[in-house]
Amino acid sequence: MSGSESGGGARPSLAYGKETPVETAIWRLRSRGCWADAAALLAPRAHEPAAALERAALLIERCLYTEQGWAEAEEALRAAEAVASSDEERGAAACERGYLAYASTLLGVRDRADEARMALGRAAALIAPSEPGRPLLDYRRGLMAQNLGDSPQAARAAYRRAHAGATAQGDSLLLSSTWRHLAGLALREGELAEARHGFAESLRIREELGYLVGTAPALTALAETETEPEAGRLRAEAGRLFRLLGGVPTWLAAQLTPRTAM
(Lines give C-alpha, C1' and ligand atoms only; values in the text may rest on other atoms or scores of the structure.)
Protein backbone atom coordinates (compact mmCIF):
# COMPACT_ATOMS: atom_id res chain seq x y z
CA MET A 1 0.00 0.00 0.00
CA SER A 2 1.33 3.39 -0.97
CA GLY A 3 1.83 6.18 1.49
CA SER A 4 1.94 4.34 4.73
CA GLU A 5 5.02 5.63 6.41
CA SER A 6 5.67 8.70 8.37
CA GLY A 7 8.71 10.48 7.09
CA GLY A 8 10.79 11.25 10.13
CA GLY A 9 10.54 14.63 11.80
CA ALA A 10 11.91 18.11 12.03
CA ARG A 11 14.86 16.90 14.13
CA PRO A 12 15.99 13.66 12.48
CA SER A 13 19.21 13.44 14.51
CA LEU A 14 17.07 12.98 17.61
CA ALA A 15 14.49 10.79 15.93
CA TYR A 16 17.13 8.26 14.96
CA GLY A 17 18.56 7.91 18.42
CA LYS A 18 21.79 9.84 18.05
CA GLU A 19 21.39 12.16 21.02
CA THR A 20 19.84 11.46 24.43
CA PRO A 21 19.08 8.04 25.95
CA VAL A 22 15.36 8.86 25.97
CA GLU A 23 15.35 9.72 22.26
CA THR A 24 17.30 6.55 21.56
CA ALA A 25 14.67 4.55 23.44
CA ILE A 26 11.87 6.31 21.57
CA TRP A 27 13.44 5.50 18.21
CA ARG A 28 14.00 1.85 19.11
CA LEU A 29 10.42 1.45 20.28
CA ARG A 30 9.05 3.22 17.23
CA SER A 31 11.12 1.15 14.83
CA ARG A 32 9.72 -2.05 16.36
CA GLY A 33 6.11 -0.93 16.21
CA CYS A 34 5.75 -0.02 19.91
CA TRP A 35 4.30 3.43 19.29
CA ALA A 36 2.23 3.66 22.46
CA ASP A 37 5.26 2.84 24.61
CA ALA A 38 7.34 5.42 22.73
CA ALA A 39 4.62 8.05 23.15
CA ALA A 40 4.41 7.30 26.87
CA LEU A 41 8.04 8.35 27.26
CA LEU A 42 7.08 11.79 26.00
CA ALA A 43 4.01 12.19 28.23
CA PRO A 44 5.90 14.01 31.04
CA ARG A 45 6.94 16.68 28.52
CA ALA A 46 3.59 16.97 26.74
CA HIS A 47 3.39 20.65 27.69
CA GLU A 48 6.40 21.35 25.46
CA PRO A 49 5.47 21.99 21.79
CA ALA A 50 8.19 19.77 20.31
CA ALA A 51 7.47 16.83 22.63
CA ALA A 52 3.71 17.19 22.18
CA LEU A 53 4.09 17.17 18.41
CA GLU A 54 6.41 14.16 18.44
CA ARG A 55 3.98 12.28 20.66
CA ALA A 56 1.11 13.02 18.28
CA ALA A 57 3.22 11.98 15.28
CA LEU A 58 4.02 8.63 16.90
CA LEU A 59 0.36 7.90 17.58
CA ILE A 60 -0.64 8.94 14.06
CA GLU A 61 1.98 6.58 12.65
CA ARG A 62 0.46 3.82 14.78
CA CYS A 63 -2.89 4.47 13.09
CA LEU A 64 -1.28 4.04 9.68
CA TYR A 65 0.38 0.76 10.55
CA THR A 66 -2.30 -0.84 12.74
CA GLU A 67 -5.54 0.91 11.64
CA GLN A 68 -6.26 1.42 15.34
CA GLY A 69 -5.85 4.15 17.97
CA TRP A 70 -7.56 6.96 16.08
CA ALA A 71 -9.16 8.60 19.13
CA GLU A 72 -5.88 8.63 21.05
CA ALA A 73 -4.04 10.12 18.09
CA GLU A 74 -6.70 12.80 17.73
CA GLU A 75 -6.45 13.67 21.41
CA ALA A 76 -2.66 13.92 21.26
CA LEU A 77 -2.83 16.06 18.13
CA ARG A 78 -5.29 18.48 19.72
CA ALA A 79 -2.93 18.79 22.68
CA ALA A 80 -0.04 19.57 20.33
CA GLU A 81 -2.14 22.17 18.51
CA ALA A 82 -3.04 23.77 21.82
CA VAL A 83 0.57 24.33 22.92
CA ALA A 84 1.96 25.42 19.53
CA SER A 85 2.94 29.08 19.71
CA SER A 86 5.12 29.92 16.70
CA ASP A 87 4.22 29.75 13.00
CA GLU A 88 6.64 26.85 12.57
CA GLU A 89 5.03 24.92 15.43
CA ARG A 90 1.53 25.65 14.17
CA GLY A 91 2.58 24.64 10.69
CA ALA A 92 4.04 21.37 11.94
CA ALA A 93 0.84 20.62 13.84
CA ALA A 94 -1.21 21.39 10.71
CA CYS A 95 1.03 19.00 8.76
CA GLU A 96 0.21 16.25 11.27
CA ARG A 97 -3.48 17.18 11.12
CA GLY A 98 -3.40 16.73 7.36
CA TYR A 99 -1.58 13.43 7.67
CA LEU A 100 -4.06 12.03 10.16
CA ALA A 101 -6.99 13.04 7.94
CA TYR A 102 -5.18 11.55 4.93
CA ALA A 103 -4.62 8.26 6.75
CA SER A 104 -8.26 8.07 7.79
CA THR A 105 -9.34 8.57 4.18
CA LEU A 106 -6.75 6.24 2.66
CA LEU A 107 -7.57 3.37 5.02
CA GLY A 108 -11.32 3.79 4.60
CA VAL A 109 -12.04 4.77 8.20
CA ARG A 110 -13.74 8.05 7.33
CA ASP A 111 -13.52 10.35 4.33
CA ARG A 112 -11.56 13.36 5.55
CA ALA A 113 -9.94 14.31 2.24
CA ASP A 114 -11.14 17.91 2.36
CA GLU A 115 -9.80 18.29 5.89
CA ALA A 116 -6.46 16.84 4.79
CA ARG A 117 -6.16 19.29 1.89
CA MET A 118 -7.07 22.26 4.04
CA ALA A 119 -4.63 21.29 6.81
CA LEU A 120 -1.72 20.69 4.45
CA GLY A 121 -2.51 23.95 2.69
CA ARG A 122 -2.40 25.74 6.05
CA ALA A 123 0.91 24.04 6.82
CA ALA A 124 2.32 25.24 3.48
CA ALA A 125 1.35 28.81 4.38
CA LEU A 126 3.08 28.57 7.76
CA ILE A 127 6.21 26.55 6.95
CA ALA A 128 8.66 28.46 4.77
CA PRO A 129 10.45 26.55 1.96
CA SER A 130 13.75 26.88 3.84
CA GLU A 131 12.47 25.55 7.17
CA PRO A 132 13.29 22.01 8.38
CA GLY A 133 9.69 20.81 8.26
CA ARG A 134 9.18 21.62 4.58
CA PRO A 135 10.50 18.35 3.05
CA LEU A 136 8.12 16.29 5.19
CA LEU A 137 5.25 18.54 4.14
CA ASP A 138 6.21 18.20 0.48
CA TYR A 139 6.30 14.43 0.86
CA ARG A 140 2.83 14.34 2.39
CA ARG A 141 1.44 16.62 -0.30
CA GLY A 142 2.85 14.14 -2.77
CA LEU A 143 0.96 11.33 -1.05
CA MET A 144 -2.23 13.33 -1.32
CA ALA A 145 -1.68 14.02 -5.01
CA GLN A 146 -0.88 10.38 -5.79
CA ASN A 147 -3.37 8.49 -3.66
CA LEU A 148 -6.32 10.85 -3.23
CA GLY A 149 -5.89 13.17 -6.21
CA ASP A 150 -4.83 10.64 -8.86
CA SER A 151 -2.22 13.09 -10.11
CA PRO A 152 1.10 11.27 -10.57
CA GLN A 153 2.74 14.32 -12.17
CA ALA A 154 2.03 16.52 -9.17
CA ALA A 155 3.04 13.70 -6.85
CA ARG A 156 6.37 13.25 -8.59
CA ALA A 157 7.15 16.96 -8.35
CA ALA A 158 6.34 16.98 -4.63
CA TYR A 159 8.36 13.83 -3.98
CA ARG A 160 11.35 15.30 -5.80
CA ARG A 161 11.21 18.45 -3.68
CA ALA A 162 10.97 16.31 -0.56
CA HIS A 163 13.81 14.10 -1.78
CA ALA A 164 16.09 17.09 -2.32
CA GLY A 165 15.19 18.55 1.05
CA ALA A 166 15.69 15.25 2.87
CA THR A 167 19.09 14.86 1.21
CA ALA A 168 20.14 18.37 2.22
CA GLN A 169 18.99 17.84 5.82
CA GLY A 170 20.34 14.32 6.18
CA ASP A 171 16.87 12.99 7.02
CA SER A 172 17.52 9.36 6.13
CA LEU A 173 14.11 7.96 7.02
CA LEU A 174 12.28 10.52 4.91
CA LEU A 175 14.75 9.84 2.12
CA SER A 176 13.87 6.15 2.26
CA SER A 177 10.22 7.09 1.74
CA THR A 178 10.86 9.45 -1.16
CA TRP A 179 13.03 6.82 -2.86
CA ARG A 180 10.21 4.29 -2.48
CA HIS A 181 7.45 6.49 -3.81
CA LEU A 182 9.45 7.83 -6.73
CA ALA A 183 10.26 4.20 -7.53
CA GLY A 184 6.58 3.31 -7.35
CA LEU A 185 5.76 5.97 -9.93
CA ALA A 186 8.60 4.72 -12.13
CA LEU A 187 7.26 1.16 -11.92
CA ARG A 188 3.80 2.39 -12.86
CA GLU A 189 5.31 3.87 -16.03
CA GLY A 190 7.23 0.70 -16.87
CA GLU A 191 10.67 2.07 -15.92
CA LEU A 192 11.80 -1.18 -14.30
CA ALA A 193 15.49 -0.38 -13.79
CA GLU A 194 14.71 3.00 -12.21
CA ALA A 195 12.09 1.42 -9.98
CA ARG A 196 14.42 -1.36 -8.87
CA HIS A 197 17.13 1.15 -7.98
CA GLY A 198 14.77 3.31 -5.95
CA PHE A 199 13.24 0.39 -4.07
CA ALA A 200 16.71 -1.01 -3.35
CA GLU A 201 17.87 2.34 -1.95
CA SER A 202 14.78 2.56 0.25
CA LEU A 203 15.38 -0.93 1.60
CA ARG A 204 19.08 -0.27 2.19
CA ILE A 205 18.39 2.84 4.24
CA ARG A 206 15.70 1.20 6.35
CA GLU A 207 17.90 -1.77 7.09
CA GLU A 208 20.77 0.53 8.07
CA LEU A 209 18.48 2.52 10.37
CA GLY A 210 17.00 -0.62 11.88
CA TYR A 211 13.50 0.58 10.98
CA LEU A 212 11.89 -2.84 11.21
CA VAL A 213 8.25 -1.79 10.78
CA GLY A 214 9.11 -0.19 7.45
CA THR A 215 11.40 -2.93 6.19
CA ALA A 216 8.75 -5.49 5.22
CA PRO A 217 6.95 -3.04 2.89
CA ALA A 218 10.31 -2.13 1.35
CA LEU A 219 11.11 -5.80 0.75
CA THR A 220 7.72 -6.40 -0.85
CA ALA A 221 8.08 -3.37 -3.09
CA LEU A 222 11.51 -4.48 -4.32
CA ALA A 223 10.14 -7.97 -5.00
CA GLU A 224 7.79 -6.44 -7.59
CA THR A 225 10.81 -5.58 -9.74
CA GLU A 226 12.62 -8.91 -9.41
CA THR A 227 12.20 -12.31 -11.01
CA GLU A 228 12.17 -15.67 -9.23
CA PRO A 229 13.82 -16.95 -7.13
CA GLU A 230 14.90 -13.51 -5.82
CA ALA A 231 11.34 -12.17 -5.71
CA GLY A 232 10.25 -15.16 -3.64
CA ARG A 233 13.17 -14.71 -1.26
CA LEU A 234 12.31 -11.06 -0.70
CA ARG A 235 8.64 -11.85 -0.06
CA ALA A 236 9.55 -14.65 2.32
CA GLU A 237 11.76 -12.26 4.32
CA ALA A 238 8.97 -9.69 4.33
CA GLY A 239 6.57 -12.34 5.62
CA ARG A 240 8.97 -13.31 8.38
CA LEU A 241 9.25 -9.71 9.58
CA PHE A 242 5.50 -9.21 9.26
CA ARG A 243 4.84 -12.18 11.55
CA LEU A 244 7.64 -11.17 13.94
CA LEU A 245 5.98 -7.79 14.44
CA GLY A 246 2.58 -9.31 15.06
CA GLY A 247 1.01 -8.59 11.69
CA VAL A 248 2.16 -5.00 11.28
CA PRO A 249 1.61 -3.15 9.03
CA THR A 250 -1.88 -4.61 8.81
CA TRP A 251 -2.41 -3.60 5.18
CA LEU A 252 0.57 -5.67 4.06
CA ALA A 253 -1.30 -8.91 4.80
CA ALA A 254 -3.22 -8.69 1.52
CA GLN A 255 0.04 -8.56 -0.43
CA LEU A 256 1.75 -11.36 1.46
CA THR A 257 -1.00 -13.92 2.13
CA PRO A 258 -1.77 -15.00 -1.46
CA ARG A 259 1.90 -15.63 -2.16
CA THR A 260 2.89 -17.24 1.13
CA ALA A 261 -0.10 -19.55 0.97
CA MET A 262 1.05 -21.10 -2.31
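Just to confirm the number: angle between the C-alpha axis of helix 152-169 and the first principal axis of the chain, 0 to 90 degrees, nearest 10?
Tilt of helix 152-169: around 70 degrees.
Dividing the convex hull volume of the Cα atoms of the stretch 191-262 by its residue count, what figure in Å³ per residue is obtained?
Working: hull volume 5.8 nm³, N = 72.
It is 80 Å³ per residue.
Can you tell me, using C-alpha contacts under 8 Å and at least 6 residues apart, the relative contact order of the chain as a whole percent? Mind showing how you got there, number by number?
Details: 392 pairs, mean separation 41.2, N = 262.
Averaging sequence separation for qualifying contacts and normalising by length gives 16 percent for the chain.
For Ala125 paired with Glu194, estimate the spin-label separation in nm (one decimal), with each label point 7 Å from Cα along the Cα-to-Cβ line.
With each label placed 7 Å out from Cα toward Cβ, I get 3.5 nm.
In nanometres, what is the gap between the two model label sites at Glu230 and Thr167, each 7 Å from Cα along Cα-to-Cβ?
2.4
Two decimals is fine: what is log10 I(q)/I(0) at q = 0.09, 0.20, 0.21 Å⁻¹ for the stretch 122-249, from a Debye sum with one equal scatterer on every Cα and no solvent?
With no solvent term, the Cα-only Debye profile gives -0.27, -1.14, -1.21.
When the label point is put 7 Å from the Cα of Arg110 along its Cα-to-beta-carbon vector, which residues of the stretch 39-75 have a backbone N closer than 19 Å?
From the stretch 39-75, the list is 56-57, 59-75.
I want to check the label-to-label distance for Gln68 and Ala82. Put each point 7 Å from Cα in the C-beta direction and report it in nm to one decimal.
2.6
Mind jotting down a quarter of the surface of the convex hull over the alpha carbons of the chain, in square nanometres, one decimal?
On the way: hull surface 51.3 nm².
Its Cα hull, projected and averaged over all orientations, spans 12.8 nm².
Could you give the accessible area per residue of the stretch 70-134, probe 1.4 Å, as a whole number in Å²?
Numbers: 3020 Å² over 65 residues.
Per residue, the stretch 70-134 has an accessible area of 46 Å².
The values are calculated or read from the model by the stated rules, or taken from the named source; none is laboratory data. Fair warning: this is a prediction, and the values are worked out from it, not measured in the lab. No Cβ is skipped: glycine too gets one built from the backbone with ideal geometry, and neighbour counts run over all protein chains shown. These accessible areas exclude ligands, DNA and RNA; they are computed on the full protein's heavy atoms, side chains included. Shrake-Rupley method; radii C 1.70, N 1.55, O 1.52, S 1.80 Å.
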